[in-house]
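Report on the structure given below.
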Amino acid sequence: MKLIMRQIRKNIRYRKYDGEVDLEQLGKLYSVNQPSQNSSFMSVLLKEQSNLNRTWSYSADSLISSNRNFIGRLVVFGKKAVRKCLRWYVNSVVDKQVLFNASVVRALNQLVELTRQHSEAIASQDKLDQLEERLVRLEKSVQSLRHALFNESSKSGRNG
């Protein structure tokens, strides 16, 4: 158990996670003006999502073995006996952790999907805004061409 906790603490230090959400990074995800940072942040998010989807389930039952002949058999027997004695305690903790992990992964999967949909909606809105601006410019061009044509026909009608 101590080995597992040591590994968890090592992973937390490695990832420099202090328990707080990085709001700046989260804000970059929703920023329309920084598409390259958005895509890199989204790719990191998708990579973490994939990793969590692979590793959320955990079992306390791992293979106990030894490469030593006689003494190794005794060590393996002792470890198996201790495991059977502690199984009721360890499995309840592991089961709770697996349930928590599953809930977190499901929530993350939903958030990733919402984020993807949000990004697509922003991209669609940007495209719509560009098309509306183009339509306004084209309407102004058509209006000015009509006006010029009307002025030209008026001059021709007076001179003719």
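The values are calculated or read from the model by the stated rules, or taken from the named source; none is laboratory data. Please read these numbers as outputs of a predicted model, since none were measured by experiment. Note that we place each Cβ from the backbone using ideal geometry, even for glycine, and neighbour counts take in every protein chain shown.
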Requested in this report: Looking only at the range 54-76, decide whether some residue is farther than 17 Å from LEU114 by Cα, in a loop (DSSP other than H, G, I, E, B), aliphatic (A, V, I, L, M) and at pLDDT below 80.
Outcome: yes
Report summary line: Taking first residues from the range 112-129 that are of a type in the set (Lys, Arg) and second residues anywhere that are surrounded by 10 or more Cβ atoms within 10 Å (Cβ to Cβ), the pairs with Cβ under 8 Å that are 6 or more apart or on different chains are ARG116/MET42
Query - Test set (1) loosely packed, with under 13 Cβ neighbours inside 10 Å; (2) farther than 24 Å from SER40 by Cβ; (3) among the polar types (S, T, N, Q) - GLN97 fails condition number - result: (1)
